Amino acid sequence: MTHAPKLTILDDGDAVASEAARTIAAVIAATPGAVLGLATGRTPLAVYARLREDVAAGKLSFEGVRSFNLDEYLGLPPEHPASYHSYMRREFFDHVDLCAGDWHLPDGMADDPAAAGGRYEVAIRKAGGIDLQLLGIGENGHIGFNEPGAPFDSRTRKVALAASTIAANASEFPDGQTPPSHALTMGIATILEARRIVLLATGPKKAKALGAMLSGPVDPAVPASALRLHPAVTILCDEEAASCLHDGIAAVR
Ligand code: GLP
């Protein structure tokens with residue numbers, strides 16, 4: 001059975017970030033020991049900035065919260081500036097009262113990625129599952145690092161990155177360094193087990209992917225279309241990202 005995600009179209013990326021931060025704060029307030037699924041990339045940067053501000057202002061606390069990130073590059077040590085470990089510490093973990101030991105990312109340096117993926121699944125399950133999963137979307141419709149063709153029953157595992165993903169993320173790497181060719185990512189099935197999912201899409205480069213996710217078939221060719229199998233998905237996007245959505249899609253503006 002498929003579901004229609006709740007689509008909220010906001011003026012710009014700032015409004016999307018504020019709404020996402022409000023949603024995260026509401027889940028934390030309503031759920032003792034909330035478990036968050038966190039995302040990286042350029043899109044959520046403004047969300048982490050809002051959350052940092054709220055913590056600094058004493059309006060929000062992450063004490064008791066646990067988190068699991070979607071993905072990590074394989075072969076990048078955690079201290080590499082372009083690793084998602086570094087990103088999360090720089091943008092979020094080092095600035096909020098989330099305890100060390102309560103945040104988790106897949107182990108990009110694992111000798112045995114299959115075993116590391118299995119351990120990550122067990123850790124999520126032991127924490128009681130994810131209450132709120134934050135997602136971005138790739139220009140090719142990927143979620144996490146689940147590239148087109150990723151099976152809907154996939155779990156945390158080693159994946160090869162699409163050439164277009166490597167090109168899209170190259171600017172995050174120091175000059176002359178190319179991103180790794182592989183990553184460890186939560187699978188589509190892992191993501192679909194979250195109790196609630198919020199996908200963020202901002203800017204014109206995301207318009208085609210959002211259109212394909214919502215208007216095309218539910219098919220592994222567009223990994224984000226799998227979210228239509230989940231009953232509690234909210235999409236927060238700006239006008240630019242919504243520009244390929246046709247009139248038949250109900251949206252709150
Ligand atoms: C990256 C990440 C995804 C992210 C997406 C979009 O490759 N693995 O989790 O959502 O691509 O990134 P951005 O927000 O920078 O466009």
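The values are calculated or read from the model by the stated rules, or taken from the named source; none is laboratory data. Here the structure is a predicted model, which is why all the values come from computation and not from measurement. Glycine also receives a Cβ, built like all others from the backbone with ideal geometry; neighbour counts cover every protein chain displayed. Surface accessibility is based on the protein's heavy atoms, side chains included, excluding ligands, DNA and RNA. Shrake-Rupley method; radii C 1.70, N 1.55, O 1.52, S 1.80 Å.
A compact table of results
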{"read-out": "Residues satisfying the stated conditions in region 121-136, i.e. part of a loop (DSSP other than H, G, I, E, B) and open to solvent by less than 10 Å² (accessible area, probe 1.4 Å)", "value": "Ile130"}
{"read-out": "Flag for Ala183 being within 13 Å of the ligand (Cβ to nearest atom), open to solvent by 60 Å² or more (accessible area, probe 1.4 Å) and not charged (D, E, K, R)", "value": "no"}
{"read-out": "Selection status of Ser171, among the polar types (S, T, N, Q), part of a helix (DSSP H, G or I), touching a residue at least 24 places away in the same chain (Cβ under 8 Å) and open to solvent by 40 Å² or more (accessible area, probe 1.4 Å)", "value": "no"}
{"read-out": "Single residue of Ala15, Ala56, Ala30 found to be of a type outside the set (Asp, Glu), farther than 21 Å from Gly136 by Cβ and out of contact with any helix residue (DSSP H, G or I) (no Cβ under 9 Å at 6 or more places or on another chain)", "value": "Ala30"}
{"read-out": "Filter result for Gly58 (surrounded by fewer than 16 Cβ atoms within 10 Å (Cβ to Cβ) and either of a type in the set (A, V, I, L, M) or assigned to a loop (DSSP other than H, G, I, E, B) (or both))", "value": "yes"}
{"read-out": "Some residue of region 17-26 being within 27 Å of His246 (Cβ to Cβ) and either of a type in the set (Phe, Trp, Tyr) or within 15 Å of the ligand (Cβ to nearest atom) (or both)", "value": "yes"}
{"read-out": "Out of Arg89, Arg66, Arg50, Arg42, sole residue that is on the phi < 0 side of the Ramachandran plot and either open to solvent by less than 60 Å² (accessible area, probe 1.4 Å) or touching a Cys at 6+ places or on another chain (Cβ under 8 Å) (or both)", "value": "Arg50"}
{"read-out": "From the options Ala163, Ala194, Ala189, residue that is over 30 Å from Ala34 (Cα atoms), of a type in the set (A, V, I, L, M, F, W, C) and either without any contact (Cβ under 8 Å) to a residue 60 or more places away in the chain or more than 12 Å from the ligand (Cβ to nearest atom) (or both)", "value": "Ala163"}
{"read-out": "Test: residue in region 218-237 that is open to solvent by less than 10 Å² (accessible area, probe 1.4 Å) and over 18 Å from Leu70 (Cβ atoms)", "value": "yes"}
